[in-house]
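Novice: One structure is given below, represented as structure tokens, and several questions about it will come after.
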Amino acid sequence: MEEALLGIVTTINNYLSNYILIILLLGMGIWFTVRTRAIQFRCFGEGWRRVFGDFSLRGGNQGGAMTSFQALSTAIAAQVGTGNIVGACGAIIVGGPGAIFWMWIIALLGMATNYAEAVMAQKTRVVDEDGTVHGGPVYYITTAFKGGLGKFLAGFFAVAIILALGFMGCMVQSNSIAETMNTAFGIPTWVIGLAVVILAGIVFIGGVSRLAAVTEKIVPIMAILYVLGSLIVLIMNAANIPATFALIFECAFNPAATVGGATFGIIAAISQGAKRGLFSNEAGMGSTPHAHALAEVRDPHEQGVVAMIGVFVDTIVVVTMTALVVLSTLYVGDGMLATGDYASLTAETITKTNIAQLAFGQFFGEGAGAWFVAICLLFFAFSTILSWNLFAKLNVEWLFGKRAVLPFTVIALVFIFLGSLLSNDLVWEMADMFNQLMVIPNAIALFALSGAVLAIANAKHDKRALDVAEEKLADKERAAMNAMVEKDERK
């Protein structure tokens, strides 16, 4: 029965990721990139300035809302999870090194999509009398489509995100934590699962304020720790870096490219890049807009440019670190997957769960490498569990009201514990399926609301252009005035 269901889900996922997902993700990314005049590039600096301008590890209690940095931290906590280590490694194993190139493309285009999501989440959010903020795709979906169609699409999205993130996704995260901690430290998986449930439960009970207080501290620490550890490996292995980039680009475009005797097709690389890119940075999926809707900012554009930075950090920084470490140590030179029996090694010895530990172990030592990855993944996956639960909870409340939140939280904790005990391909495939299904109503609504997005993005662009023109005119007038003064003085 399980094998039959796995086959059905896998088939659905193949169609979604190979056709529908690629069309929607690339289509949205290209559409918003072109129509917003490449907002992810022209406002990239502004995004970083706003991130550091609001940077604080003590953002304080914002009631039912968050500071802009807390919202970004919550979004990055959702984005940076197992997808950055386990997911990226899985993409390499199945789609080849070229899959990383397509993850980059999905991310760069996805930055524009994430801008649109954050802007619309801010634009359509609802604030209660007590200051509690509600927002997310269900609100802009019902804004885009009135009546029955809007309710159906929003309901479809809400159910998909509850299953994808609230239940299946959190099982995937807790499973990755338990397996890596067991491998590194020998701790029984059920003990890890119980500890995760207790810690997560404490944060869940504290609501939005406690979650924001946790994510604003844990996200910068975990990102810096992982990047520094990766940079140490890459510096020690600097001789292999040029060959690593060459391998990524060769496998991205050359269907005859081989690694360790295995050939990877371009379609497989694109498919895995799109699927794992979505699971990693979540741009277009409709998850992170829940966090950005809660940010207290002056206008939607401000949070839109901040949201783009989350995608950049997730994929262009963290995923790239994972890929470079794994590829430079195992796939090029005399790496075991460059010169060994690729098919046999990846079928029996090397998996998407342990390959990063093996790679870091090449330089840190087997034990220390496993410890480093396990600790980083603990931070990554635990923070993702916190954010995903919030996103799912907001949709539970939208569907069923506040009374349903407590029962949902209890069931979610049970799923988190079960995830630590079960290593199941079906759970991964079902998480992928519902993640991908979320994209469909979210994408339809964003396309329908693109006029509103463009009005905000281009208004900011035109205002900046006007300010620059006025400054240039003022400079010319001052120069002319100074010239007249000098002329009079000479007389």
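Novice: From the list ALA184, ALA164, which one is at pLDDT below 85 and hydrophobic (A, V, I, L, M, F, W, C)?
Specialist: Working: ALA164 fails: at pLDDT below 85.
Exactly one residue qualifies, and that residue is ALA184.
Novice: Could you go through the stretch 218-230 and let me know if any residue there is closer than 30 Å to ILE444 by Cβ, of a type outside the set (Ser, Thr, Tyr) and either touching a Ser or Thr at 6+ places or on another chain (Cβ under 9 Å) or modelled with pLDDT under 85 (or both).
Specialist: The initial filter retains those residues of the stretch 218-230 that are closer than 30 Å to ILE444 by Cβ, namely none.
No, that holds for no residue.
Novice: Then there's this: Given the structure, is ASN240 open to solvent by 30 Å² or more (accessible area, probe 1.4 Å) and either in contact (Cβ under 8 Å) with a residue 40 or more places away in the chain or among the basic types (Lys, Arg) (or both)? Spell out the reasoning first.
Specialist: Working: open to solvent by 30 Å² or more (accessible area, probe 1.4 Å): yes; either in contact (Cβ under 8 Å) with a residue 40 or more places away in the chain or among the basic types (Lys, Arg) (or both): yes.
Yes: the conditions hold for ASN240.
Novice: Turning to a different aspect of this structure: May I ask you to say which residue of VAL172, VAL159 is part of a helix (DSSP H, G or I) and farther than 23 Å from LYS352 by Cβ?
Specialist: On the way: VAL172 fails: farther than 23 Å from LYS352 by Cβ.
That would be VAL159, the only listed residue that is part of a helix (DSSP H, G or I) and farther than 23 Å from LYS352 by Cβ.
Novice: Any residue in the stretch 401-414 that is open to solvent by 20 Å² or more (accessible area, probe 1.4 Å) sitting within a Cβ distance under 6 Å of a residue that is of a type outside the set (A, V, I, L, M, F, W, C)? List the pairs, counting only those 6 or more apart or interchain.
Specialist: Pairs found: VAL405/LYS393; VAL405/GLU397; LEU413/GLY201.
Novice: Can you give me the number of residues within the stretch 1-32 that are assigned to a helix (DSSP H, G or I) and either in contact with a Ser or Thr (Cβ under 6 Å, 6 or more places away or on another chain) or over 29 Å from TYR115 (Cβ atoms) (or both)? Even if it seems obvious, please write down each step before you answer.
Specialist: Residues of the stretch 1-32 assigned to a helix (DSSP H, G or I): 2-32.
Next, only the ones that are either in contact with a Ser or Thr (Cβ under 6 Å, 6 or more places away or on another chain) or over 29 Å from TYR115 (Cβ atoms) (or both) stay: 2-12, 14, 17-18, 28-29, 32.
Looking only at that region, the number is 17.
Novice: I've got another one for you. Test of understanding: among THR288, THR315, which residue is polar (S, T, N, Q), closer than 26 Å to LEU231 by Cα and either open to solvent by 10 Å² or more (accessible area, probe 1.4 Å) or at pLDDT below 90 (or both)? Don't jump to the end; show me each part of the working.
Specialist: On the way: THR288 fails: closer than 26 Å to LEU231 by Cα.
Being polar (S, T, N, Q), closer than 26 Å to LEU231 by Cα and either open to solvent by 10 Å² or more (accessible area, probe 1.4 Å) or at pLDDT below 90 (or both) holds for just one of THR288, THR315, which is THR315.
Novice: Within the stretch 76-95, how many residues are within 14 Å of the chain's Cα centre (by Cα) and either more than 30 Å from LEU449 (Cα to Cα) or not in a helix (DSSP H, G or I) (or both)?
Specialist: Narrowing the stretch 76-95 to residues within 14 Å of the chain's Cα centre (by Cα): 76-88.
Next, from what is left, pick out any that are either more than 30 Å from LEU449 (Cα to Cα) or not in a helix (DSSP H, G or I) (or both): 80-82, 84-88.
So the count comes out to 8.
Novice: Scan the stretch 177-197 and give yes if some residue there is in contact with a Phe, Trp or Tyr (Cβ under 6 Å, 6 or more places away or on another chain), in contact (Cβ under 8 Å) with a residue 60 or more places away in the chain and not small (Gly, Ala, Ser), otherwise no. Lay out the reasoning, then the answer.
Specialist: In the first step, residues of the stretch 177-197 are kept if they are in contact with a Phe, Trp or Tyr (Cβ under 6 Å, 6 or more places away or on another chain); the result is 184, 193, 197.
If we keep only those that are in contact (Cβ under 8 Å) with a residue 60 or more places away in the chain too, we end up with 184, 193, 197.
Remaining after also requiring not small (Gly, Ala, Ser): 197.
Yes, the stretch 177-197 contains a residue that is in contact with a Phe, Trp or Tyr (Cβ under 6 Å, 6 or more places away or on another chain), in contact (Cβ under 8 Å) with a residue 60 or more places away in the chain and not small (Gly, Ala, Ser).
Novice: Does the stretch 422-429 contain at least one residue that is at pLDDT below 90 and of a type in the set (Val, Ile, Thr)?
Specialist: Kept after step one, since they are at pLDDT below 90, are these residues of the stretch 422-429: 422-429.
Those still in the list that are of a type in the set (Val, Ile, Thr) too: 427.
Scanning the stretch 422-429, I find at least one residue that is at pLDDT below 90 and of a type in the set (Val, Ile, Thr), so the answer is yes.
Novice: For PHE55, which of the numbered conditions (1) crowded, with 21+ Cβ neighbours inside 10 Å; (2) modelled with pLDDT under 85 fails to hold?
Specialist: Only one criterion is unmet by PHE55, namely (1).
Novice: Could you check the stretch 331-366 and list, in sequence order, the residues that are in contact with a helix residue (DSSP H, G or I) (Cβ under 8 Å, 6 or more places away or on another chain), of a type in the set (Gly, Ala, Ser) and assigned to a helix (DSSP H, G or I)?
Specialist: Passing the criteria: ALA338, ALA356, ALA359, GLY361.
Novice: For the stretch 8-50, enumerate the residues that are of a type in the set (D, E, K, R) and either touching a Pro at 6+ places or on another chain (Cβ under 7 Å) or modelled with pLDDT under 85 (or both).
Specialist: Within the stretch 8-50, the subset of a type in the set (D, E, K, R) is 35, 37, 42, 46, 49-50.
Answer for the stretch 8-50, where residues must be of a type in the set (D, E, K, R) and either touching a Pro at 6+ places or on another chain (Cβ under 7 Å) or modelled with pLDDT under 85 (or both): just ARG50.
Novice: Kindly list the number of the only condition in (1) closer than 12 Å to PHE379 by Cα; (2) modelled with pLDDT of 85 or more; (3) open to solvent by 20 Å² or more (accessible area, probe 1.4 Å); (4) touching a helix residue (DSSP H, G or I) at 6+ places or on another chain (Cβ under 8 Å) that fails for VAL196.
Specialist: Condition (3) is where VAL196 drops out.
Novice: Next question, about the same structure. Here's a check for you: in the stretch 96-145, which residue that is part of a strand (DSSP E or B) and either small (Gly, Ala, Ser) or open to solvent by 20 Å² or more (accessible area, probe 1.4 Å) (or both) is farthest from TYR342 (Cα to Cα)? Give the derivation first.
Specialist: Within the stretch 96-145, the first condition is being part of a strand (DSSP E or B), and the residues that meet it are 126-127, 133-134.
Right, trim to either small (Gly, Ala, Ser) or open to solvent by 20 Å² or more (accessible area, probe 1.4 Å) (or both) and you get 126-127, 134.
Details: VAL126: 53, VAL127: 55, HIS134: 49 Å.
Per the stated criteria, the residue is VAL127.
Novice: Out of everything in the stretch 215-231 that is of a type in the set (A, V, I, L, M, F, W, C) and open to solvent by 40 Å² or more (accessible area, probe 1.4 Å), what residue ends up being nearest to PHE415 (Cα to Cα)?
Specialist: To start, the set of residues in the stretch 215-231 that are of a type in the set (A, V, I, L, M, F, W, C) comprises 218-219, 221-225, 227-228, 231.
If we keep only those that are open to solvent by 40 Å² or more (accessible area, probe 1.4 Å) as well, we get 221, 224-225, 228, 231.
Numbers: ILE221: 27, ILE224: 30, LEU225: 29, LEU228: 33, LEU231: 35 Å.
Checked the stretch 215-231; the qualifying residue nearest to PHE415 (Cα to Cα) is ILE221.
The values are calculated or read from the model by the stated rules, or taken from the named source; none is laboratory data. Treat the numbers as computed from the prediction; the structure is a model and nothing was measured. Neighbour counts are summed over all protein chains in view; Cβ atoms, including those assigned to glycine, are modelled from backbone coordinates with ideal geometry. The accessibility values were calculated without ligands, DNA or RNA, using every heavy atom of the protein model including side chains. Shrake-Rupley method; radii C 1.70, N 1.55, O 1.52, S 1.80 Å.
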